[in-house]
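The values are calculated or read from the model by the stated rules, or taken from the named source; none is laboratory data. Treat the numbers as computed from the prediction; the structure is a model and nothing was measured. Reconstructed Cβ throughout: ideal geometry from the backbone, glycine too, with neighbour counts over all protein chains shown.
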Amino acid sequence: MSDAWDVIFQINTLTAALRLATPIALAAMAGTLSERAGIVNIGLEGKLLAGAWAAVYVTYVTGNPWLGVLAAVAAGMLVGLLLGLFAIRLRADHVVAGVGINILLLGLTTWLMQVIWGSRGTSPTVTPLPRWSIPIVRDIPVLEELVGSHAPLVYFTLLAAPLLWVVLFRTPAGLRLRMIGEHPEAADTVGIPVHRTQYLTLLAAGALAALGGAQLALGDLAWFSQNMSAGRGYMALAANVFGQWNPIGSLLAALLFALTDAVQMRIQTLPNPWPTELVQMLPYLLTVLVLSGAVKRSRPPAALGRHYPPDHSAGAP
Amino acid sequence: MSDGKAPAAWAWLRELLVSLGAVALALLVGAGLLALAGYNVADAYVSLYQGSFGNIYSLADTLLNAIPLLFTGLAVAFAFRGGLFNIGTEGQLYVAALATALVALALPGWPSVLVITAALLAGAAAGAAWGFVPGFLKARTGAHEVITTIMLNYVAILLTTHLVKTQFKAPGPVDQTALIPAAARLPELIATTRLTWAIVIAIALIALVDWVLRRSAWGMDVELLGQNPEAAAYAGVPVQARVAMIMAVSGAIAGLAGSTLVLGVLHRFITNFSPGYGFTGIAVALVARTRPWGIVPAAVLFGALQAGGLSMQLFARIPSDLMTVVQGLVILFVAAPGLVTLFRRRAGKTGMALEREGTR
């Protein structure tokens, strides 16, 4: 047992956690953004897949992983637009639209993989993103091991979280966005373009989540595989709730979730391992506990999931 | 669900058209994808049809695929009627399947009727418990059932895998239980088709849910809650208790999808056995417009897409994942009321539009 505890505090477990957390954190921040603007974003899983697929495909064609990252951003924005089209313009229930998008993208990426590469399992290997080491950090012993050498999107995530926090909570644009999520009627009254802001937010959120997919495909690995997001989008949704609809909270929650994953992977190598499945279960159980207010009061934006102008029929779930 | 004052027959027809339109539109987009990828669309859809309705065997295959969807679709639809979103049917059918398999294994030598009944009840109870938790949490703490049910899906899959690996694993490379005794297996309705009495159980359950929703006081509470929770509370409906119970009942129904698969098809519990019956159940419930009897054609439709997709892959060499794309599109199209308005505006004011005057 004490062996397992030791693993948790090993520095390379934490390094692995940082790497594993990145896709979840990016998708979670995407969830934070869109939910703060009142749009429930169940579709994060689909955006991760779209980003991962587009990143690998364009890298495969061009040989340049940076173009792959750009393609991921474009694909994510496209999926964000699709969610906007259905959830805003066509007034579909947000949850249903998100579920539909996830199934659509799971099917589409698997289909395209077979049409283009003739394989249902994995794509051919492509050039991955390089690893960067940060000049000053790499000379400091512990920090060097922890954040010394990662794919660029890992650093991007660490910078994006505080940046998004500033935008959301310290700028007029962020205030407007949050006002839409809390009280769209009031936002409309003071002249904030509700739908346009929501669309823009979904574009940004789509790009962020798809970057998570790009990290998964080109940062961690160098190929696309069927359903490679494997539920990380749903975990990101949980991280967003766990992190109290706050970008920094989302990042920290993603780190915590990823730590359980990293620990689980390392524990397998011990002579007396803990049961894998029970460790893997922790993030999901924690989220249920947090949502039930067992750990801390959590409150979603007041107008989350509502259409504006309101629907005529009352009581839609 | 229906918000106009239109006669029931018109509303019914309108909803049927919406569902059919959504499916047709999704298949049309699918045809576009097929053409873009350079396949022969006609060949593809002909083999889709032949693999689903073309002959008696493919029809049996379609129905076999539809059975679990009858349960999960009904479970999602029932929760919807009460204003609740049960995305947790996948997890509920896993815990139920394991409970059913364990009971079937624990009662060797019992008469067939008794062991099957006990195993089904155990599955329903496990599913109900798995549905009750998010319902109870929603009622007591307001925790949104969408997120809690998704989380509990993962917990259920991991928990059943853990239990099988550590406690109930049959010898061999696969993480699965031993085969259940012959007496515990659901008898076949038609020999050699694997179509068992599960389909009868499902239809009976649909009839029961339809009756409960329309004729019982409890069902009235459910409908009222779904349409207007504030009014329900004002009318004296015990909202908290009903919310927990609706989710438990929905979980029990979903659970039977897993139980009947174990007793009728798999004859054991196998880890990770479900190809997403729970999520497809959401599509089924939406296409059925949450009407209990609508579940039957909707489940058959998605069963047909699965069976036909497989034959498309075998005979036309077209990846069956196209059917997953179609399924996602159906969900999107059928869930978008604005899509109907859009088409209607294009088509001008027809009689259909007139009766919906004043609603958007």
Kindly indicate the residue of region B:97-133 that is within 14 Å of chain A (Cβ to nearest Cβ) and out of contact with any Gly (no Cβ under 6 Å at 6 or more places or on another chain) and also nearest to B:L261 (Cα to Cα) among those meeting that condition.
-> B:L98
Please list, ordered by first then second residue, the pairs with beta carbon atoms under 7 Å, 6 or more apart or interchain, first in region B:318-336 and more than 7 Å from chain A (Cβ to nearest Cβ), second of a type in the set (S, T, N, Q).
-> B:S320/B:Q313; B:M323/B:Q306; B:V334/B:S19
Picking from A:A217, A:A262, A:A258, A:A230, which residue would you name as being within 21 Å of A:L106 (Cβ to Cβ) and surrounded by 22 or more Cβ atoms within 10 Å (Cβ to Cβ)?
-> A:A217
Taking region B:164-205 as the search range and keeping residues that are among the hydroxyl-bearing types (S, T, Y), in a loop (DSSP other than H, G, I, E, B) and in contact (Cβ under 8 Å) with a residue 60 or more places away in the chain, which one is nearest to B:V296 (Cα to Cα)?
-> B:T193
Taking helices (runs of 4 or more DSSP H) that do not extend beyond region A:15-125, which have at least 3 residues that are in contact (Cβ under 8 Å) with a residue 12 or more places away in the chain, of a type in the set (S, T, Y) and within 12 Å of A:G206 (Cβ to Cβ)?
-> none
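What about B:L84, is it within 16 Å of B:A252 (Cβ to Cβ), in contact with a Pro (Cβ under 8 Å, 6 or more places away or on another chain) and buried (at least 20 other Cβ atoms within 10 Å of the Cβ)? Walk me through it before giving the result.
Working: within 16 Å of B:A252 (Cβ to Cβ): yes; in contact with a Pro (Cβ under 8 Å, 6 or more places away or on another chain): yes; buried (at least 20 other Cβ atoms within 10 Å of the Cβ): yes.
Judged against the criteria, B:L84 is a match.
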The residue that is farthest from the chain's Cα centre (by Cα), considering only those in region B:268-283 that are over 20 Å from B:P173 (Cβ atoms) and surrounded by fewer than 19 Cβ atoms within 10 Å (Cβ to Cβ), is B:P275
In the set B:R289, B:R344, the lone residue that is more than 8 Å from chain A (Cβ to nearest Cβ) and either over 27 Å from B:V222 (Cβ atoms) or modelled with pLDDT of 95 or more (or both) is B:R344
Can you tell me which residue within region B:166-191, out of those that are crowded, with 16+ Cβ neighbours inside 10 Å and among the charged types (D, E, K, R), is farthest from the chain's Cα centre (by Cα)?
-> B:D175
Working only within region A:101-111, note down all residues that are more than 17 Å from the chain's Cα centre (by Cα) and more than 7 Å from chain B (Cβ to nearest Cβ).
-> A:T109
Residue match in region B:51-63 (condition: hydrophobic (A, V, I, L, M, F, W, C), under 12 Å from B:M247 (Cβ atoms) and away from every other protein chain (no Cβ under 14 Å)) | no
Looking at (1) in contact with a helix residue (DSSP H, G or I) (Cβ under 6 Å, 6 or more places away or on another chain); (2) within 14 Å of chain B (Cβ to nearest Cβ), which is the only condition A:L129 fails?
-> (2)
State which residue is nearest to the other protein chains (Cβ to nearest Cβ) when the search covers only region A:280-297 and only residues that are at pLDDT below 80 and either under 17 Å from A:L177 (Cα atoms) or surrounded by fewer than 19 Cβ atoms within 10 Å (Cβ to Cβ) (or both).
-> A:G293
Do we find that A:L67 is more than 24 Å from A:V167 (Cβ to Cβ) and within 11 Å of another protein chain (Cβ to nearest Cβ) in this structure?
-> no
Restricting region A:71-100 to residues that are β-branched (V, I, T), under 19 Å from the mean Cα position of the chain (by Cα) and more than 7 Å from every other protein chain (Cβ to nearest Cβ), the residue that is farthest from B:L34 (Cα to Cα) = A:V73
Can you find even one residue in region B:230-238 that is of a type in the set (V, I, T) and either within 22 Å of B:E90 (Cβ to Cβ) or modelled with pLDDT of 90 or more (or both)?
-> no
With the condition kept exactly as written, say whether any residue in region B:315-332 is in a loop (DSSP other than H, G, I, E, B), out of contact with any helix residue (DSSP H, G or I) (no Cβ under 9 Å at 6 or more places or on another chain) and among the charged types (D, E, K, R).
-> yes
Could you tell me whether region B:92-102 includes any residue that is surrounded by fewer than 24 Cβ atoms within 10 Å (Cβ to Cβ), free of Cβ contacts under 8 Å to residues at least 24 places away in the same chain and either more than 22 Å from the chain's Cα centre (by Cα) or outside any helix (DSSP H, G or I) (or both)?
-> no
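Just to be sure, is B:T160 within 14 Å of chain A (Cβ to nearest Cβ), modelled with pLDDT of 95 or more and under 24 Å from the mean Cα position of the chain (by Cα)? Reasoning before the result, please.
Values: within 14 Å of chain A (Cβ to nearest Cβ): yes; modelled with pLDDT of 95 or more: yes; under 24 Å from the mean Cα position of the chain (by Cα): yes.
Answer is yes for this residue.
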